[in-house]
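So the structure is just underneath, and the comments pick up after that.
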Amino acid sequence: MTDDTFLHCDLPVLGRRVHRLGLSCGMGIDGAGIDAALAERGLGFVFWTPRQKGEATLKTALKRDRDGVVLMTGPTVAHWPGALTRYTDATLKRLGIDQIDVLMTFWVGVTSSLNERRLEELVALRDSGKVRAIGCSIHDRVRAGQLAADSPLDLLMIRYNAAHPGAERDIFPQLRADRPRMVLAYTATRWRKLLKPAKGWSGPVMTAADCYRFCLSNPHVHAVLGAPKSLAELDDNLAGLQRGPLSPEEDAWMRDFGRVVHG
């Protein structure tokens, strides 16, 4: 990978070039930080729900440069029929836009099901033009591999980090060249456990930027989701990403550390 292809990628399906560090608005970064991330730091892949901060800032950013923001959103819980449609209509009105870039159903198998009816609703929303792409977040790697091989989904949001590298076995080999999908990694820091010393480990621990570099060094991953608490934390992460892909030595160290953290 060159520096540019490490830090940026062209998203399949959407045909948009974005910074590979995605921005989640759910862990404390305020409106000013979100605005700086989008307007000054070059980020463009944004995960937002109405429960998170920055609605007014995001609305302004979408109005200012709609093509510069890839908006991924969805209802936090969606058990009931029509929930995705109602959420889509409400969000379009709420943010003053005419199309959602990626509509998600989250935590498949935990807080939502992905049955035939829900898939049909997602596809219908995509066909209507209200949504450009559809996806899900899922921890069940075997099922995620099945969805990668054969489903109407355009994006898979999966757990992938140094402590949980199983996607390399169960998901990535199932991706098909004839059906491009976006792969978004999340829980890159394993809920911050990769950022702390682990029992039985005497070597260095990872930084958040190391965790993101681990994910982005895999060519199957288009982007990794970060959730900074502040603009200063985001800037630290961006500075760390300048180190580029992992060296073989770094990869081996992070995997060894991840195995200890996993226990």
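Assorted remarks:
- When 38, 62, 43 are checked against the criterion of being under 20 Å from residue 185 (Cβ atoms) and buried (at least 16 other Cβ atoms within 10 Å of the Cβ), a single residue qualifies: 43.
- Test: residue in the stretch 2-15 that is aromatic (Phe, Trp, Tyr), surrounded by 17 or more Cβ atoms within 10 Å (Cβ to Cβ) and under 26 Å from residue 115 (Cα atoms): no
- Only one of 5, 49, 73 that is of a type in the set (Val, Ile, Thr), within 20 Å of residue 184 (Cα to Cα) and free of Cβ contacts under 8 Å to residues at least 12 places away in the same chain: 5
- Selection count, the stretch 207-263, where residues are within 22 Å of residue 10 (Cα to Cα), assigned to a loop (DSSP other than H, G, I, E, B) and not hydrophobic (A, V, I, L, M, F, W, C): 9
- Of all residues making up the stretch 219-255, the number that are of a type in the set (D, E, K, R), in contact (Cβ under 8 Å) with a residue 40 or more places away in the chain and under 21 Å from residue 172 (Cβ atoms): 2
- Neighbours by Cβ (under 7 Å, 6+ apart or cross-chain): first from the stretch 200-214, more than 16 Å from residue 7 (Cβ to Cβ); second assigned to a helix (DSSP H, G or I) and among the aromatic types (Phe, Trp, Tyr): 201/257; 203/253; 203/257; 205/257; 206/257
- Within the stretch 173-194, the set of residues being among the aliphatic types (A, V, I, L, M) and not in a loop (DSSP other than H, G, I, E, B) comprises 182, 183, 184, 185, 194.
- From the list 39, 83, the one residue that fits, being under 17 Å from residue 130 (Cβ atoms) and out of contact with any helix residue (DSSP H, G or I) (no Cβ under 6 Å at 6 or more places or on another chain), is 83.
Residue-by-condition table, conditions (1) touching a Ser or Thr at 6+ places or on another chain (Cβ under 7 Å); (2) surrounded by 15 or more Cβ atoms within 10 Å (Cβ to Cβ):
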residue	(1), (2)
117	no, no
140	no, yes
157	yes, yes
169	no, no
173	no, no
182	no, yes
185	no, yes
189	no, yes
192	no, no
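- Some residue of the stretch 60-68 being at pLDDT 95 or above, touching a Cys at 6+ places or on another chain (Cβ under 7 Å) and not acidic (Asp, Glu): no
- Any chance residue 126 is of a type in the set (D, E, K, R) and surrounded by fewer than 23 Cβ atoms within 10 Å (Cβ to Cβ): yes
- Among the residues of the stretch 16-30, the one identified as buried (at least 16 other Cβ atoms within 10 Å of the Cβ) and farther than 22 Å from residue 133 by Cβ is 29.
- In the stretch 180-229, the residue that is nearest to the chain's Cα centre (by Cα) out of those that are hydroxyl-bearing (Ser, Thr, Tyr) and modelled with pLDDT of 95 or more is 186.
This table checks each residue for (1) farther than 16 Å from residue 224 by Cβ; (2) among the hydrophobic types (A, V, I, L, M, F, W, C); (3) out of contact with any Leu (no Cβ under 6 Å at 6 or more places or on another chain).
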| position | (1), (2), (3) |
| --- | --- |
| 137 | no, no, yes |
| 143 | yes, no, yes |
| 148 | yes, yes, no |
| 160 | no, no, yes |
| 177 | yes, yes, yes |
| 186 | no, no, no |
| 190 | no, no, yes |
| 194 | no, yes, yes |
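- Leading residue by the ranking (farthest from residue 22 (Cα to Cα)) among those in the stretch 243-263 that are of a type outside the set (Gly, Ala, Ser), surrounded by fewer than 22 Cβ atoms within 10 Å (Cβ to Cβ) and in contact with a helix residue (DSSP H, G or I) (Cβ under 8 Å, 6 or more places away or on another chain): 257
The values are calculated or read from the model by the stated rules, or taken from the named source; none is laboratory data. Since the structure is predicted, the reported quantities are computational estimates derived from the model, not experimental observations. Because the Cβ atoms are built from the backbone with ideal geometry, glycine has one as well, and the counts that use them run over all protein chains shown.
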